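Rule-based calculations on the coordinates, nothing more; no lab input. All values derive from a computational prediction rather than experimental measurement. Here the Cβ is made from the backbone with ideal geometry for all residues, glycine too, and neighbour counts use every protein chain on show.
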Amino acid sequence: MTYALVLHGGAGARPGTDYTKQKAHLDGLITAGQAKLIDGQSALDVVTWAIEELESSGLYVAGKGSAPHSLGGFELDASLMHGPNRRAGAVAAIEGIQSPIRAAQVVLNDGRHVMLAGAGAQHAAKSAGLAQINDPEAYYTEHVSHGSADSANHGTVGAVALDIRGELAAGTSTGGTFGKLVGRVGDTPIIGAGTWADDTVAVSCTGLGEAFIRTATAYDVSARMRYAGTPLKQATLQVLDEVAKFDGDGGLIAIDAQGNISMPYNSDGMKRAAVSDTMPPVVRVFEPEI
Ligand code: ASP
C-alpha cells in the first residue's frame with residue numbers, strides 16, 4: 001500500500017522566531033492525515049481537509065492568520081488540483097470567506113470554470129453555504145504574531161498527497177505577501193505557478209509569488225520530469241534555481257506517482273511535515289532537506 005502526504009506552512013520562516021506551536025500543529029495534522037490515507041480517503045479530500053485545518057489555526061499566513069493588504073483589507077488566494085483528470089478550482093482576492101480552499105473546492109466541483117476572482121468568488125462561496133466573516137478586523141488578528149509588515153514577509157499553507165489508489169492531488173492557500181497592493185494576486189491561485197497535479201507529480205509552492213509566476217514553477221516540475229525524465233528531487237531543485245534567477249526565494253513540496261517526496265527551499269526555512277508508507281512522520285522548519 002503506497003501513500004504519501006506532505007504539508008507546508010510557508011517558506012517565510014524567520015530565524016530567531018519560535019515555531020514550537022506550528023511544529024506541534026503540523027505534527028498532529030500529518031499523523032491524522034496519514035490515518036486518513038491508510039483508511040482509503042482520497043488524496044483530494046485529504047489535501048482539502050489539511051489545508052482547511054491549516055487555514056483555521058491562525059498559525060500561518062493563510063485563512064485566519066492572513067495579513068492585511070496596503071489599505072488594511074484582507075484578500076486571500078487559494079487553489080486545488082486533482083491529478084488524474086486535471087480538474088482544478090481556484091479563487092483569487094476573495095474576501096469575507098473563512099476557508100478559501102473550500103471556496104476553491106466549490107469552483108472545482110462546479111467544473112464550469114477554473115478560477116473565480118473577487119466578488120464572483122465570494123458569491124459562489126456564499127451560495128455554496130461556506131462560513132463567512134462578518135467582522136474581518138476581529139477575525140484576522142493572528143497575523144500580528146507573524147512578524148514585521150515588510151513586503152518580504154510572507155507565508156502560505158499547502159498540501160500534496162498520493163492516495164492508496166495512486167491518485168495525486170495538490171492545494172495551496174495564502175494571505176499573500178505582507179502589505180501587498182489591493183488586488184494583487186500571487187502564484188497561489190494560479191494553476192501551474194503555485195499549484196499543480198497530474199498523474200506524474202503533485203506540487204504546492206510557497207515564496208515570493210511574482211518569481212513563481214514568472215517561472216511557472218509548479219508546472220515546471222512536472223514538465224522536467226515528463227519531458228526530460230528528470231527524477232523528482234532534481235526537478236524540484238532545478239525549478240528553485242529558476243526562481244532564484246528572478247530574485248525569488250521560497251520552497252515547494254512535491255510527491256511523485258511512486259510516492260517519492262521532495263521539499264526543498266532556498267529561503268531561511270520552511271515549515272513542513274511529511275509522511276509516507278516508507279517514512280515515519282517528520283516535522284521541520286530550519287533543519288535541512290530530507
Ligand atoms: N506565494 C505567496 C504569494 O506570493 C506567499 C508565500 O508563499 O509566502 O502570495
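The table below lists the values:
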quantity	calculated
Computed helical MRE - 222 nm, the chain, DSSP H runs ≥ 4 contributing -39500 (n - 2.57), nearest 500	-9500 deg cm²/dmol
Debye, to nearest 20: dipole size of segment 179-260, +1 on Lys, Arg Cβ, -1 on Asp, Glu Cβ	80
For the chain, size of Cβ-based charge dipole, Lys and Arg +1, Asp and Glu -1, in debye	260
Packing-based order for 52-58, 136-142, using average beta carbon neighbours within 10 Å, highest first	52-58, 136-142
Relative contact order, percent, the chain [alpha-carbon distance under 8 Å, six or more residues apart]	26
Cα-based shape type of the chain, given that a ≥ b ≥ c are square roots of the gyration tensor eigenvalues and the cut on a/c is 1.5	rounded
Cα shape, segment 23-77, gyration tensor, a/c 1.5 rule	oblate
Charge sum, other residues only, whose C-beta stays under 15 Å from residue 183's C-beta, Lys/Arg counted +1 and Asp/Glu -1	-2
Selection from 270, 155, 189, by position along the positive dipole direction of the chain (Cβ)	189
Neighbour-count ranking [beta-carbon atoms within 10 angstrom, fewest first] of 26, 232	232, 26
Shape of segment 1-156, Cα gyration tensor, a/c cut at 1.5	oblate
Fewest-first sequence of 212, 74, 246, 178 by Cβ atoms within 10 Å of each Cβ	246, 74, 178, 212
Unit charges at the beta carbon, dipole of the chain: most positive-side option, 178, 123, 31	123
Only Lys, Arg (+1) and Asp, Glu (-1) charged, at Cβ; segment 60-113 dipole about Cα centre in debye	240
Cross-link pairs 180/233; 36/245; 64/245; 36/64; 233/271; 23/180 - those with Cα-Cα distance over 29 Å	180/233; 36/245; 64/245
